[in-house]
Structure formats: C-alpha cells, structure tokens
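One structure below.
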Amino acid sequence: MELVVEITDADRLRRAAYERIDGDESMAAEERGHAHRMVESDEAEALAYLVEPFELVEEVPGVELAQASWSSEHIDYDPRAVEWSGAFPDLDEDD
C-alpha cells in the first residue's frame, strides 16, 4: 500500500499532532520535547503522530497488519506530468 497525501494546511496538521503528543500520558517529558521539535521541522513527522497504521486495517476482513514502516519525501505532484501518468488514475477524475 502506498499513499500520496497533499498537506493543505500545515499549521492545522501540526496543531493536531501537538495535541496528540501532549495528550499521550505514556510519553516522557524529554521525548515529548523531541516530538515537538520533529513535528515543527517536518509535516511528515506530524502526520506520523496522527496516522496509526493498525487503525487503517484493523476493521478490514481477512487482513492482519504484520509490519508497518514510514518513509516520506516532498514532491511536486503534477497530475499531467508524464511520470505521474497512470500512477494514480483516480486522483484527477474531474478532467
């Protein structure tokens, strides 16, 4: 599974991540500070604090999450560019 997301409001995303981090009672203060710095430096880190891979598939019949990992990169997505042609056919349905 591969997801491509567009961050439409980085500040809102960061605020939500801060709320999640601050509400995590199992996180030590030092770790919380580190998490805040990571979220501030990269939107992908904020997203990682908000999206739980297990929750994405826990209700899917016949599926059990065996392993999950994160990687991210910032890209300039152009649905009309040749390299994207056919890669994500349903993203630009209104053309």
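Every number in this text was worked out from the coordinates using simple rules, so none of it is lab data. In this text, all values refer to a predicted model and were calculated from it rather than measured experimentally.
Let me know the whole percent of all Cα-Cα pairs from the chain that are separated by more than 23 Å.
Tail of the P(r) past 23 Å holds 43 percent of the pairs.
Using θ = phi - 60° and the Karplus relation 6.51 cos²θ - 1.76 cosθ + 1.60, list the HN-Hα couplings for region 51-60 in order, rounded to whole Hz, with x at every Gly or Pro.
With coefficients 6.51, -1.76 and 1.60, one gets 9, 9, x, 4, 5, 5, 10, 4, 9, 7 Hz.
Calculate one ³J(HN,Hα) per residue across region 30-40 by plugging θ = phi - 60° into the Karplus curve 6.51 cos²θ - 1.76 cosθ + 1.60, and present them in order as whole Hz with x for glycine and proline.
Here the 3J(HN,Hα) series is 5, 5, 4, x, 4, 4, 4, 5, 5, 5, 5 Hz.
For region 1-47, what is the per residue volume of the convex hull drawn over the alpha-carbon atoms, in cubic angstrom? If you can, show how the numbers build up before the last one.
Numbers: hull volume 3.8 nm³, N = 47.
Looking at region 1-47, the number lands at 81 Å³ per residue.
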